[in-house]
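Written out below as structure tokens is the structure these notes cover.
The values are calculated or read from the model by the stated rules, or taken from the named source; none is laboratory data. If you're wondering where the values come from, they're calculated on a predicted model, not measured in any experiment. Heads up, the Cβs are rebuilt from the backbone with ideal geometry, glycines too, and the neighbour counts pull from every protein chain shown. For the accessible areas, the whole protein counts, side chains as well, though only heavy atoms, and no ligand, DNA or RNA atoms are used. Shrake-Rupley method; radii C 1.70, N 1.55, O 1.52, S 1.80 Å.
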Amino acid sequence: MSVRYSRIVGVGAHLPERVMPNREFEAKLDTDDEWIESRTGIRERRIAADGELASDLALPAARAAIGGAGIDAEDIGLIVLATTTPDMIYPSTACLLQHKLGLRNECAAFDVQAVCSGFVYALSVADAMIRAGRADCALVVGAEVYSHILDWEDRSTCVLFGDGAGAVVLQASDRPGVISTRLHADGSLSGKLSVPGHVGHGKVTGRPYTVMDGGAIYKRAVKAMAEASEEVCAEGGVQPGDVDWFIPHQANRRIMTAVAERLGVGPDRMVSTVELHGNTSAASIPLALASAWDRMSEGQLLLLATVGGGLSWGSALARI
Ligand code: ACO
């Protein structure tokens, strides 16, 4: 193989059973279905059961991706798992997933923490490792129990998020695959979206729930996702408006639509699951990808774009 690329060859998704429609918030908070749907596009989200952790959601998503790729699980040479809500402080959720998958091949496994940008960060790292010859096959996962870091009395944040997991199998290939990825961060904006609590000396210091300046994130999100999308498209020699599928981070339908309009991507080509999933952070893009996978065909061009806490953002252009 002269030039080595990575290709997405399988996708999988898993959602917790419990559906939480907007109306459930009405009894407890000063909010309503109309406000939530009109401001965000969200109608419902899934919420993990008590004791259900990120690795529990990741496992069926990973198995589905491995099955879809038609590979033996032992062929996986690398696991990169993006999460903001790991099962434990350590070991990594990727290591826990490796064990749950029953892998005995001692492949590298680690987590990536870039909040809602995590999946694109993880994909970019796995792609680079495959191109560099460090692995032939990688499992890339986004898994979140975001409900664990929400203050359920704060209407400005708790209505926005949900739980779930998505996964892809990336395989070495002599034809592109992942064409380009771009990752960015601006730590000066870390206070705009964070869970500031710190665990140490046996206690949590500071607030262990999501705090967010929604307006500031909104404005920055559109610019960041659009610019990162333009970067990968320029490197790939395509116009953003020419991609077959645009799969943005599912934060808020108004943000997604504004980015798509700025890029010249028609609404029929934007994958949207925010109505049913809410914002599932690192899981949102692989969940959206999995929801549309059966409608996608070989050779089509995918554009992924994301933004999240950090502030972090990024994009990926890939041919399937
Ligand atoms: N129900 C009713 N009212 C609410 C609710 C609610 N659930 N939440 C906030 N409000 C109120 C606020 O208190 C405020 O009231 P005030 O004007 O009296 O102070 C008012 O609604 C704000 O209204 P708008 O300005 O119209 O709200 P906006 O259109 O900005 O929408 C939203 C708010 C949805 C949070 C939007 O700013 C947004 O989506 N921002 C981006 C958030 C985001 O994507 N975060 C995740 C990033 S990814 C990651 O890394 C986790």
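Between Thr210 and residues 5 or more places away or on another chain, which pairs have amide H atoms under 5 Å apart, with H built 1.01 Å from N, and which residues are they?
Those qualifying (amide H under 5 Å, at least 5 residues apart or on another chain) are Leu150, Asp151.
Where in the stretch 260-307 are there GluC sites (Glu not before Pro) that are in a DSSP coil and have at most 16 other Cβ atoms within 10 angstrom of their Cβ? Could the numbers behind the result be given before it?
Details: sites: Glu261, Glu275, Glu298; in loops: Glu298.
Here the sparse-neighbourhood loop sites are Glu298.
With only Lys, Arg, Asp and Glu charged, each at its Cβ (+1 for the first two, -1 for the last two), find how big the charge dipole of the chain is about the Cα centre; round to the nearest 20 debye.
Values: 29 positive and 39 negative charges, 110 e Å.
Using Cβ point charges on Lys, Arg, Asp and Glu, the chain gives about 520 debye.
Could you order Glu230, Glu106 by accessible surface area, starting with the largest, using a probe radius of 1.4 Å? The partial results should precede the final answer.
Working: Glu230 75, Glu106 165 Å².
Accessible-area ranking of Glu230, Glu106, largest first: Glu106, Glu230.
Rolling a 1.4 Å sphere over the protein heavy atoms, what is the accessible area per residue of the chain, to the nearest Å²? Working shown, then result.
Working: 13240 Å² over 320 residues.
Roughly 41 Å² per residue, with all protein chains present.
Can you work out D for the chain in µm² s⁻¹ from Stokes-Einstein, where Rh is the Kirkwood radius over C-alpha pairs, the temperature is 10 °C and the viscosity is 1.306 mPa s?
On the way: Rh = 19.3 Å.
In µm²/s, the coefficient rounds to 82.
Between Leu59, Thr157, Leu302, whose Cα lies farthest towards the positive end of the dipole of the chain when Lys and Arg beta carbons carry +1 and Asp and Glu beta carbons carry -1, centred on the Cα centre?
In the chain, that residue is Leu302.
With the Cα gyration tensor of the stretch 200-248 in hand, give its eigenvalues times 5 under a square root as the equivalent ellipsoid semi-axes, listed largest first in whole angstrom. Before the final figure, lay out each step's value.
Numbers: eigenvalues 272, 37, 17 Å².
For the stretch 200-248, the ellipsoid semi-axes come out as 37, 14, 9 Å.
Filter the trypsin sites (Lys or Arg not before Pro) in the stretch 75-157 to those in DSSP coil with at most 15 other Cβ atoms within 10 Å of their Cβ, and list the result.
Arg104, Arg134
Given the options Gly202, Gly177, Gly102, which has the most mean-square fluctuation in a GNM of the chain, springs set between C-alpha atoms less than 10 angstrom apart?
Highest fluctuation among the options: Gly202.
Taking the alpha carbon gyration tensor of the stretch 272-320, what are the square roots of 5 times its eigenvalues, largest first, to the nearest whole Å? Please report the intermediate quantities before stating the final value.
Numbers: eigenvalues 86, 47, 7 Å².
Values for the stretch 272-320, descending: 21, 15, 6 Å.
So, with a 1.4 angstrom probe, what is the percent of accessible area on the chain that is carbon and sulfur? Walk me through the intermediate numbers first.
Values: 6560 of 13240 Å².
With neighbouring chains kept in place, the figure for the chain is 50 percent.
Which whole DSSP H helices in the chain pass both tests: a Cα extent of 30 Å or more along the axis and a mean Kyte-Doolittle value no lower than -1.0?
Numbers: long enough: 214-236 (32 Å, -0.07).
Span-like helices, by this rule, are 214-236.
Can you give the local net charge around Ser6? Use residues other than it whose beta-carbon is closer than 12 angstrom to its beta-carbon, Lys and Arg +1, Asp and Glu -1. Walk me through the numbers before you get to the answer.
Numbers: positive: Arg4, Arg7, Arg131, Arg134, Arg175, Arg319; negative: Asp127, Asp136, Asp174.
Counting the neighbours of Ser6, the net charge comes to +3.
In whole angstrom, and with the biggest value first, how far do the Cα coordinates of the stretch 126-185 range along each principal axis?
Result, largest extent first: 51, 22, 17 Å.
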